[in-house]
Amino acid sequence: MRTACGIVSSYRVSAVFFFNLEHLFSNQIKRFVPTSLDQIEGVGPKTAAELRRAGLETVGDILLFLPRKHEDFTNVTPIAELQPGKVTIRARCQQISTRPVRRGLRLTTAVLADDTSKLNAIWFNQPYRVQQLGSSDEWFYFSGTFEYSYGRYQLTNPTAELAKELPVQADRLLPVYHAVRGLKSQTVRKVIEQLRPLMSVLPETLPPSVVKNEKLLDRAAAISAMHFPRDEREVEQARQRLAFEELFELVLASQLNKIDNQKLAGFAIPFEKSVVQDFVKKLPFALTNAQRRAAWDILQDFENARPMNRLLQGDVGSGKTVVAGLAARQAANAGYQTAFMAPTEILARQHAQTLAKLLEPFGVTVGLLIGSVKGKARAMLYQQIANGAVDVIVGTHALIQDKVEFHRLGFVVIDEQHRFGVEQRQRLLMKVKNEEVKLGTLDMLSEPMTIAAGSSRETGRAVPGSRARHGGEESVSSVPLDTKKLSVAAMPHLLAMTATPIPRSLALTVYGELDVSVLDELPRGRRPILTKIISPPSREAAYTAIDQQIAQGRQVYVVCSLITDSDSSDRKSVEAEYKRLKNSIFGHRRIAMLHGKMAASEKDQIMQAFKDQRYDILVSTTVIEVGVDVPNATIMMIEDADQFGLAQLHQLRGRVGRGQHQSFCYLMMSTNNKPSQRLREIEKSNDGFHLAEVDMSLRGPGEIYGRMQHGALNLQIATLADTQLIARAQKAAKRFIESGEPLSNYPALEARVRHNQRVTTLN
């Protein structure tokens, strides 16, 4: 076997190298392996530049650049003998072409042939295949799904490997790596082959007791097996080991966070049975069993002397506000204020009206703090909040302004929590008065905090691509935070409410840091919304159904993703669709238009007029995603539905189905292409929590202990579908903590756990 010394062309070792690989290699290996990949034998300037563009600069980087999948190019099937399913063929490309199908989609088709027959292949948004396959008469290995689609059998999105460059070996599978910035798998394989001797000396990062008890492969064997597997069984063993490691790091961070959070002081709000009974007795309706369970969860949390951190999930109309109102009544009885934050002024007004009806008969005062409250009225409200004259303060982002000082804030409610960033929510929690006694500390961020300012569907959304598949905030503005540590006497209890939890919140419930209560029942008389995917040929039938509903006195939402037509997109706009419907399809109906560029007062007037049934159809952007209840609205038509995320589709759908009448949601397709997975999921399910799980599997959980609310930033191998592996990791982390063994004994593990860990009661 070639030694580490023989692999490299020099012995130059930089300080950067030692920093990057401090816990990766033994001291012996550290002495011989340079940091720069261009010092590896066979890696020239061009290859080194390709690797750097993909973020691979050091030996450690590329060793931990694990394959996304493995292809068995040794099991080749002649085209004439193919059966539906995953297949591999060896063939030439006889002809290939690419064309735009619609904006944002190019279709590349080819005819592949071997000595037995021919077949069609198709790639979506891979126009580079023309240059790869069409410029030579070389043999390639193609691996993909052979299926019947669009009226014929074809090979869909196959990988393509040049046969003469493929080190086909009968004793192992071939790794396929992420094509980051055009990086080819062949390039990575060649470099990895040179570094193969180093893999055997990669140090273990998990405690030996964990490796032994869980019967895991050691880390060196797992990484080596990912790059050089003998069979599928070995790949799965390696994946299990590395996935367990990732989950163990996150779960351990979560459990340590929870231990730290329990050290924070909270407000013990005693349970007063008579107060709760009186509140429930005077409601004009009976609570569902789910509402009773959720309320009991919250009231039990209130009694603890540590802050509650609970997510209340329930579909639109399930009664989340009533549950929060009951809790606010109990808090007020104990002398504590409640802050209730909503993402829009319209929704804040609605909540203030609802809570006032529920609470003011008991002498609980409700105030409304929104942007439109100005001058003397605003100054007076500030004073009333500060001296405790207002018990429940409902508002928007105005609640987190520096001028707002609470008298005794004990309970915080965040409605539509997916619309707020981590730091926004944390800043509201910091509105507790500093006391003389320091009982807990929270580290405030030194960076500017990102604040979601509403939907970006109207203006577009920037999602930078990277190796980690980052996702961008929808629409943001920056508010600076203090760089000092903020000491507080106690943290208020937190209740976050949503119809569809964001993936990261769902992940936190899985990892055990965030408690959850689910409202899985609708109030008596409510009917589930019927959701249908509508293809272009069925559009006229949908219009007929809409007109029939209006004739019966019902109302309709039509949602578009853009305000005005765009040269860069063929999606429908509010302005164009409003004119089209008003001038042709529904000229005999009363139609209004609503979008985010309108003044707040104008938007409020239009929404109120729609609620008062002065309009039959409201053509709008996603500004209606969270808005006033319109029980008479029974149809939600979403244009270009495939352009929206699952959570947003579910939220939009929830604008209807608020009354006693059967409601419908029409997901309008712009083409005859197959509906996406997320459209199929929302068509068959009204369960917001299930949809959140699907959303998490599609988008990733985000940066679990950081700012990113979606995107696979934490997990490279593991997924939250690994429920059994998560359970194992939870038990192993608990055993490790209970053993008392210092985490500092394992520097690499400690570094990653501390990176994930974040002392906060709200994520």
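Scanning segment 372-388 for residues that are touching a His at 6+ places or on another chain (Cβ under 8 Å) and either touching a residue at least 60 places away in the same chain (Cβ under 8 Å) or surrounded by fewer than 20 Cβ atoms within 10 Å (Cβ to Cβ) (or both) yields 386, 387, 388.
Go through segment 392-410 residue by residue and tally those that are among the charged types (D, E, K, R) and touching a strand residue (DSSP E or B) at 6+ places or on another chain (Cβ under 6 Å).
Total meeting the criteria: 1.
For segment 400-413, state whether one or more residues are surrounded by fewer than 20 Cβ atoms within 10 Å (Cβ to Cβ) and farther than 23 Å from residue 307 by Cβ. Taking every residue of segment 400-413 in turn, at least one turns out to be surrounded by fewer than 20 Cβ atoms within 10 Å (Cβ to Cβ) and farther than 23 Å from residue 307 by Cβ. Just to be sure I understand, how many residues within segment 248-281 are in contact (Cβ under 8 Å) with a residue 12 or more places away in the chain and assigned to a helix (DSSP H, G or I)? The number of residues fulfilling the criteria is 21.
Kindly evaluate residue 279 against the criterion of being at pLDDT 95 or above and not hydroxyl-bearing (Ser, Thr, Tyr). Judged against the criteria, residue 279 is a match. Taking the criterion of being surrounded by 15 or more Cβ atoms within 10 Å (Cβ to Cβ) and farther than 19 Å from residue 185 by Cα, the residues of segment 70-93 that qualify are 76, 77, 79, 82, 87, 91, 92, 93. Would you confirm whether or not segment 270-286 contains a residue that is surrounded by fewer than 14 Cβ atoms within 10 Å (Cβ to Cβ), out of contact with any helix residue (DSSP H, G or I) (no Cβ under 7 Å at 6 or more places or on another chain) and among the β-branched types (Val, Ile, Thr)? No, because not a single residue in segment 270-286 is surrounded by fewer than 14 Cβ atoms within 10 Å (Cβ to Cβ), out of contact with any helix residue (DSSP H, G or I) (no Cβ under 7 Å at 6 or more places or on another chain) and among the β-branched types (Val, Ile, Thr). Every listed requirement among (1) of a type in the set (S, T, N, Q); (2) surrounded by fewer than 16 Cβ atoms within 10 Å (Cβ to Cβ); (3) under 24 Å from residue 399 (Cα atoms) is met by residue 350 save one, (2).
Among the residues of segment 113-133, is any assigned to a strand (DSSP E or B) and among the acidic types (Asp, Glu)?
Taking every residue of segment 113-133 in turn, none turns out to be assigned to a strand (DSSP E or B) and among the acidic types (Asp, Glu).
Per this entry, residue 303 is counted among residues that are in the same structural domain as residue 391 (by TED's automatic domain parsing) and surrounded by fewer than 19 Cβ atoms within 10 Å (Cβ to Cβ).
Given the structure, is residue 206 modelled with pLDDT under 90 and either surrounded by 17 or more Cβ atoms within 10 Å (Cβ to Cβ) or β-branched (Val, Ile, Thr) (or both)?
no
Only one entry in 108, 58 is surrounded by 19 or more Cβ atoms within 10 Å (Cβ to Cβ), closer than 18 Å to residue 193 by Cα and either among the small types (Gly, Ala, Ser) or in contact with a Pro (Cβ under 9 Å, 6 or more places away or on another chain) (or both), namely 58.
In segment 40-55, the qualifying residues are those that are over 28 Å from the mean Cα position of the chain (by Cα) and part of a helix (DSSP H, G or I), and the one that is surrounded by the fewest Cβ atoms within 10 Å (Cβ to Cβ) is 45.
Under the condition of being modelled with pLDDT of 90 or more and hydrophobic (A, V, I, L, M, F, W, C), which residue from segment 229-251 is farthest from residue 727 (Cα to Cα)? The extreme case among them is 235.
For segment 300-401, the strands (runs of 3 or more DSSP E) that sit wholly inside it and include 1 or more residues that are under 29 Å from the mean Cα position of the chain (by Cα) are 309-314, 337-341, 392-395. Among the residues of segment 56-94, the ones that are assigned to a helix (DSSP H, G or I) and under 30 Å from residue 202 (Cα atoms) come to 5 in all. Taking segment 209-219 as the range and being buried (at least 16 other Cβ atoms within 10 Å of the Cβ) and part of a helix (DSSP H, G or I) as the test, the residues that pass are 210, 211, 219.
With respect to the conditions (1) under 16 Å from the mean Cα position of the chain (by Cα); (2) at pLDDT 75 or above; (3) over 27 Å from residue 216 (Cβ atoms); (4) not β-branched (Val, Ile, Thr), residue 716 lacks only one, and its number is (3).
The values are calculated or read from the model by the stated rules, or taken from the named source; none is laboratory data. Small disclaimer: the values here were computed from a predicted structure and weren't measured. In this analysis, Cβ positions are derived from the backbone assuming ideal geometry, glycine residues included, and neighbour counts consider all displayed protein chains.
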